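K.L.:
Below are the structure tokens for one structure; questions will follow.
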Amino acid sequence: MEEGDAKNPNTEQMEVKEPKHDGTTMRKALLVINCIMLSIGNCGSPIIMRLYFIHGGNRIWFSSWLQTAGCPIILLPITCAYVHRSRTANPTSENKLFCMERPLFVAAIVLGILSGLDNYLYSYGLSRLPVSTSSLIIASQLAFTAGCSGFVRIYIAIGGTKYKKAKQEISYALVMEIQLVMCLVATGFCTVGMLVNNDFKVIGREAREFELGETKYHVVVVFSAIINQCFFLGAIGVVFCASSLLSAVVIAVLLPVTEILAVFFFNEKFQAEKGVSLALSLWGFISYFYGEIKQSKKKKPDPETEMASSLLPNTLKSSV
């Protein structure tokens, strides 16, 4: 046997294997970014909206409009996803900026109308209740989330989901498109309310009479729109990158933070009754999460169920 024909036993060991890039690092980075956005939106939204009402703002429809008026921000992640697809997709395949089909578009419109109504109810509550009280009331949405998730799972089990009929792959860009349509419709819904209530005619006067000054009035308005979009983008992003359970965990953990901020900024009284309510609320969250974790170990949740169950409660403010 010639020397060249002999196999070197160390040949396989000397071969360098290139690591596989499966996008895990990118997904983790996206999850961290969305958790930060969710934290900012969840804590900042009630604070800045309450600031508007405390210092002279009294236009409920206008405040409702601000919750979704910052929706053009959603075009940024949609555009980034489009650019990414353009660089990685097959050159022969069609690449569109918007991928949503008609069934999902119609469903997003319906959810947008419900979201617009919810925006009004949320603003109405914040105009009359302290942040510490309203946050505790919002925490009770967990019962609705659990019931809604169960209903969605049954609905999907019988073949009734927005996704299967449309036969579209669930992607981050698609979810952002749905959120964009929902916010646009909700903004239109609140715009009609503003027209009926003559809000556009008095906003200028309200700004001049604002206790903190006209300039700070506009700052509050702009940041109110931005921070609310941080909540929506962060919540739906965490659900997509991880699960609705993690999104709810983040909101639950931030509940005491919101309470502390309300006491610090607005000198709200935190009576013993609120302390007991907060403890019971956190106890309920922990019990629910513990049950969900045990259940998730038995069966991995369907991503379609996760996204569908998150979109419906998302029409109720701070519900994920």
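Only the coordinates and a few stated rules stand behind these numbers; no lab work does. Just so it is clear, the model here is predicted, and its values are computed rather than measured. Reconstructed Cβ throughout: ideal geometry from the backbone, glycine too, with neighbour counts over all protein chains shown.
K.L.:
Under the 0.36 nm per residue contour assumption, what length would be gained going from the current alpha-carbon distance of L195 and V110 to full extension?
P.N.:
28.5 nm
K.L.:
Still on this structure, please answer the following. Restricting attention to the range 208-280, which trypsin sites (Lys or Arg not before Pro) occupy a DSSP loop and are surrounded by at most 12 other Cβ atoms within 10 Å?
P.N.:
Hits after loop and neighbour filter: K269.
K.L.:
Can you give me the distance in nm between label points at A89 and L76, each placed 7 Å from the Cα along the Cα-to-Cβ direction?
P.N.:
Going by the 7 Å Cα→Cβ label model, 2.3 nm.
K.L.:
Which net charge results when you count Lys and Arg as +1 and Asp and Glu as -1 among the other residues whose beta-carbon is under 11 Å from that of I54?
P.N.:
Once all neighbours under 11 Å are counted, the net charge is -1.
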